[in-house]
Amino acid sequence: MRPATARPSRVPRAVIGELQRHACTWNTHAEKYIEMINELFAKKDATDKNFMHKTAYGKKLFKAKLFVISDLDGTLIENDKTDGLEEFKQWLKEHKNEIVFGIASGRNRGITEEALNNHGLNNADVMICSAGSEIYYTEKLIPDYGYESYIDYQWKREELKKALEKGPVVVYFYPAAYTGGCDLEAHTFAEMKDKFTAAGATIIGVSADDIERLKSFSSNPDYCAGKFPVASDDGGKIAATYGLELTPAKTGAKDVTGQEINHGFIPRTTFVINKNDEIVAVFSSATDHISPDEHVKKSLEIVTSL
C-alpha cells in the first residue's frame, strides 16, 4: 500500500482550520494508520494473495487513494455550529470509492455513535474513540481487539475508562523521564495531586520511555512519588491517536542520571478530558509557549471549573 495522505488543499477550508490551529496534521493521523496496515500485510504469507481482497473493506483499504482521519469536536462540529460539514459530506460522497474516512473522538463509543448519527456521519470506515483507546471498522463497528490488547499492555486501557467514569482526566504527554522539564512537571503534578483529587480529576502521564524505566520514575519520591500512573508509549502509537508525532531519538542525549536516552520524544502536550469523554482543552509547550509546571497549573484551573 503506498502512503497516500490527505492534502489540505483537497479538503474544505472550514474543516481543517481548527486542526491546523492546534498543529495536528492530517499526515500524522494517516501515515500512522497506513503504517499499521502495512505492518499487518507484511506479517502475512506473501503467497496469500487473497488476504487483502477477502472483504469489501479490505479491497477499499488496498485501493484507497486518500486517507482522511478527522477529529469530531472542534473540527467537523463546534457545539451547534456545523459550518462546512454539508460541503464535506458531499465531498466524501463524491469520492467514496477512493477514500478511506475515519473519525477520531475523545468520547466513548456510545456517545460517538450518537454524534455521528445526529450529523449524518455514520458511514465512517474507521472510528477511533474513548480517548484513543478503541478502534472500530466499517458501519458494523467491528472492534480491533489487537489494538485494544496493545493498549492494555502499554498503558492499562481499562484504567483510563474507569477514570473517565469518575470524572475528568488529565492526560499529559512528556518527552522523557529523568530530564529537567519532565522531572519538574511530574514533581508539580505530584505536589498538587490532592487538589486534582478534590476536583474529581485523574492524572495519567505518557511518554516513550520503556516500562522498566517508568516503574522507577513513577515510584521516585522526587518525581511522581507513586501518586499517579505513567504509561509507556514506546513507538508513539498512542500519541499518534492524539495527533502527536514522535520525533527520532537524539544521538548522545542523556538524562540527569547520565543514562543514554535511546527512545524518541513525544512533544510536551496536555489534554483535559471531561467525564463525557470530550477533550475540552489542549495546550502544548511548542505552540502555547508555556513551561512544564504551567501545564499542571492550567490543567488544575480547567478541571476545577468543570
task = Mind jotting down the distance between the C-alpha centroids of the range 194-214 and the range 231-288, whole Å?
result = 13
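Given R₀ = 25 Å, what would the calculated FRET efficiency be for residue 122 paired with residue 83, taking r from the Cβ atoms and rounding to 0.05? Write out the running numbers ahead of the final one.
Working: r = 20 Å, r/R0 = 0.82.
E(calc), rounded to 0.05, equals 0.75.
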ask   = Fully extended, how many nm does the chain gain between residue 297 and residue 216 (0.36 nm per residue separation, minus their Cα-Cα distance)?
value = 26.7 nm
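So for the range 154-305, averaging the separation of alpha carbon pairs under 8 Å that are six or more residues apart and normalising by length, what relative contact order in percent results?
30
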Furthest towards positive pole of dipole, 264, 228, 176, structure part the range 154-305, Cβ charges = 228
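Ranked highest first by average number of other Cβ atoms within 10 Å, how do 186-197, 269-280 line up?
Numbers: 186-197: 18.4, 269-280: 20.9.
Descending packing order for the listed peptides: 269-280, 186-197.
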request  = Find how much the distance from residue 259 to residue 304 grows on full extension, using 0.36 nm per residue of separation minus their present alpha carbon separation; answer in nm with one decimal.
outcome  = 12.4 nm
task = Quickly rank 98-109, 239-250 as a protection proxy: mean count of other C-beta atoms within 10 Å, highest first.
result = 98-109, 239-250
ask   = Extension gain residue 194-residue 251, at 0.36 nm per residue separation less the Cα-Cα distance, in nm?
value = 16.7 nm
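Taken together, the values in this text are just the output of simple stated rules run on the coordinates, not laboratory data. Bear in mind that the values here come from a model prediction, so they are computed numbers and not experimental data. Glycine also receives a Cβ, built like all others from the backbone with ideal geometry; neighbour counts cover every protein chain displayed.
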